[in-house]
Structure formats: structure tokens, C-alpha cells
Amino acid sequence: MKTLYPVPEVAIGAGRIDQIGADIAALPGAPTRVLLVIDRFLSQAGIADRVRAALAGRNMTLWDELAGEPSAAQIDAVAALSRKERVEAVIGIGGGSALDVAKLVAAILPDPAGVEHYAFCANPLPARPLPAICVPTTAGTGSETTLTAIFANAAGKKAWAWGPELAARKAILDPSLTVSLPAHLTAATGIDALVHAIESCTNANRFEANDQTAHAAIRLVARHLPTAVKDPGNFAAREGMLIASCYAGIAINNCGTAIAHNIAHALGSLGKVHHGRAAGLGLRASLPWSLPARASAFAGVAEAMGGPRDAAALPGLVDRLIRAVGLKITLADELPSLTPERLAAEMALPENEAMRKSSARASTDDDLRELARAVLAAT
Ligand SMILES: [Fe+2]
């Protein structure tokens, strides 16, 4: 099935956040009661106060208690609070998790069933979600443009919800909110965006109409990520990365990810490895195996990265970019006793199967062991 999903309106510019009152006023029904979901450090840095000022007297309910991946219990509690406060619109500001909470609360608020009711598409989401405005402050997940949201279920396992009801009504890309992101997180989240874009235009779901968006994201990452890491206050580089991540989000919305994300999710459940870094290491280790299956698609990626139109050039281009932005290649510190067999077993779990199946190349269990070996032996 080939579908180009709708893209929300995207506003771009430094300081754009201060006009969010007008964005809320322009929503259907001109909401007067708003929920703000925001990462704690941004709230403490005065961003919640800026939003309150921009909302010009509208009622604002603040939730800034996110720590790590949101739990189903937290999301249900924020939804219950929002029902009590008669919230009519939701603003999410922060990394992917904050945006996911905002999207999920906006989606589930009309119905008191908890968020787990909708996990893994077990039940359709309520038909009339509240409008959500998403303001990403990392340039990586692309959650502001995807129809997916991730949370931890009651068992502590990663769960996801999906549906058009999870689409943000609007995205605001404000580079002034990303300049304080530390270099290692700028690098890891930026590489995540790169992997989204590359996997979406080379995997088994890939179709031509989506390639333009993915290639644009790849070009933007190649051009802007090294500068954003080395010169964090560079607004042009920060803005370029926000657009890259937004485009990559659009691209995975249409075509999904692949084996590098299978590896990243497996690594993420076995230890504390940043998702973006894990995806980058997964891509780096799996590329030589993937290339022969779709050489022409990978050649297009190499060209978008600034190299020759030749798939064989891609592993070197990706390796150079990962090293240039300072991502550590070895996992020995985080996962000293992890064996390839254990990692391969995790990669083969049903929850990671969709990413395995959509990969450029079909994999046997022996292939998974070889890929796991390549990830863990890399230095
Ligand atoms: Fe990712």
C-alpha cells in the first residue's frame, strides 16, 4: 500500500514560539483552555512562562513531570487532569516523549478508556481528538509529523499507538529552543533523523513518491549536523536540523524504518543506549549486508549525502559522519557482557519483527547473529 499521509502545517522561525497564542486562536472553536506538556528543564528555563504569556489570558494547565519514557499511568493521569480542567487544545514542547504525551492525551481525552486500550492498534482511537500543536526541541524523532506515539505499558515494556487521530494539527520549528541541547544529544538525535530518512527510502516499503522527502532530509543532515554539533548557537544549522528531522518524520510516516531500528530497539531494551546512537550504530553495522539487495536505492542515498551515486560509497560516508559528530562506536561500556546470541534473540522477538520484515534484505536467524556480531565488535 502506497500512501502519502497528510503533513501538518509547519511554522518555522527563531522566536516563533512567542506567537503560539495566535496559533491557538486560529484552531476550530478558538480554544480558551489549553494543556501544556513540556520537558521539565525547558519549563525550569522559563519556556512554560513564555507560553503562558503568549497565550494572553487563556487558561493553561501545565504538566512538566516527564522523566524518560512516559508510562501509561502518567498519560492516563494527564488525560484525567485535562478532562477535569475541560482542556480544549494541547501543546507539546520538548523531545519526542513530550510530543508523544501531548499527542496521546489529545487523542484519548474524549474517551475515559486508558491509553493501553489503544496500544498496538488493538482498538480504534476516539474519532474526535483535541487539536495538538507540537514544538520539537530536539531534531531527531520527527514526532511532530508522525502518526505514532510510544509509551511504556504497565509491564514496563515499550508500546505504541498509531492512527491519523495522533497527527499534530500544527508543528512549530523554533531553532532558538534547540541551541541549549548538549553536543552528544544533538549528535545522537540528528543521526536518528538520518537513519529514519535512509531506512524509509531503501526498505521493502519504499516507493518513489516518498524518496524526495527522504533525500531532502538526508541532504539537510549531511549539511547541518556537523555544524550544529560544533557550533551549538548556529541558528541556521539548528533550523536546518529541525527541518531535516521533520522531513524524516514525514518519510517514516509513509514508509517506516528497517533493520537498523530493529537493532536499536533490541539494544534499547537490553541496556541504556540512546536510541539515536543505537540506530546509527545499527545502520553502520548493517549497511554492508543490506547494500546488495537494493544497490540503486542506496546509491541515491550516497548521492544525497554528498558522495558519488554509488552504493559502495555509503558505508564510508555514514561512518565518517557518525565519527565526525562524536558518536562513540563501541558498546563495551554500556553492554560489557552482551553476547551476539543474546542480542540476536532480542532482535528476533515479535515486537521487533515489523522492522526486520520491512528491511531491504530478508534475514535468516543466522543473518541476525552476524549483524549482532558486527554491532558488538565495532570500534
Ligand atoms: Fe529512530
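Structure summary
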item	result
Principal axis dimensions, region 58-155 - Cα atoms, whole angstrom, descending	35, 32, 24
For the chain, accessible area per residue (1.4 Å probe, heavy atoms of protein chains only), Å²	39 Å²
Rounded to 5, the percent of DSSP beta bridges in the chain classed as antiparallel	20 percent
Carbon and sulfur %, accessible surface of region 140-239 computed with the full protein complex present, 1.4 Å	55 percent
Evaluated over region 49-93, the Cα radius of gyration and Dmax, each in Å	11.6, 32
Choice from Ala139, Ala193, Ala183 showing the highest fluctuation, given a GNM over the chain with Cα pairs closer than 10 Å	Ala183
Solvent-accessible area, 1.4 Å probe, carbon plus sulfur percent, for region 1-72	52 percent
Set of lysines near Lys157 by C-alpha distance (under 24 Å), chain-local residues within fewer than 8 positions excluded	Lys103, Lys272, Lys357
Where labels lie 7 Å past Cα in the beta-carbon direction, separation of Ala77 and Tyr5 in nm	2.9 nm
Share of pairwise Cα separations in the chain, more than 29 Å, in percent	39 percent
Loop-located trypsin sites (Lys or Arg not before Pro) in region 136-181, at most 13 other Cβ atoms within 10 Å (DSSP)	Lys157
Net charge of Cβ neighbours under 14 Å - reference Asp64; Lys, Arg +1; Asp, Glu -1	0
Highest to lowest packing among 249-256, 46-53, scored as the average C-beta count within 10 Å	249-256, 46-53
Positive-end residue of Asn153, Pro226, Val318, charge dipole of the chain with Cβ unit charges	Pro226
Mean-position separation - Cα centroids, region 38-56 and region 275-301, in angstrom	39 Å
Equivalent ellipsoid semi-axes, region 242-310, via Cα gyration tensor eigenvalues times 5, rooted, Å	22, 16, 11
When region 1-133 is reduced to its Cα atoms, the Kirkwood hydrodynamic radius in Å	15.4 Å
Equivalent ellipsoid dimensions for region 113-230 as semi-axes, Å, which come from the Cα gyration tensor, largest first	27, 18, 15
Relative compactness, region 182-308, computed as alpha-carbon Rg over 2.2 N^0.38 Å	0.99
Counted charge near Gly96, where neighbours are those whose Cβ lies closer than 11 Å (Asp, Glu -1; Lys, Arg +1)	-4
Sites Ala183 and Arg309, calculated FRET efficiency, Cβ-Cβ separation with R0 30 Å, nearest 0.05	0.40
For peptides 2-8, 277-283, sequence by mean Cβ density within 10 Å, most packed first	277-283, 2-8
Region 53-120, relative contact order [Cα under 8 Å, separation at least 6], %	34 percent
Expected 222 nm ellipticity per residue - DSSP helices of 4 or more, -39500 (n - 2.57), all of the chain, to 500	-15000 deg cm²/dmol
Region 160-201: radius of gyration over Cα atoms, expressed as a fraction of 2.2 N^0.38 Å	1.50
Max mean-square fluctuation residue, GNM over the chain, Cα-Cα springs under 10 Å, options Pro182, Pro129, Pro315	Pro182
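The values are calculated or read from the model by the stated rules, or taken from the named source; none is laboratory data. Keep in mind that this is a model prediction, so the values were computed, not measured. Virtual Cβ from ideal backbone geometry, glycine too; neighbours counted across all protein chains shown. Areas reflect the complete protein model, heavy atoms only, side chains present, ligands, DNA and RNA absent. Shrake-Rupley method; radii C 1.70, N 1.55, O 1.52, S 1.80 Å.
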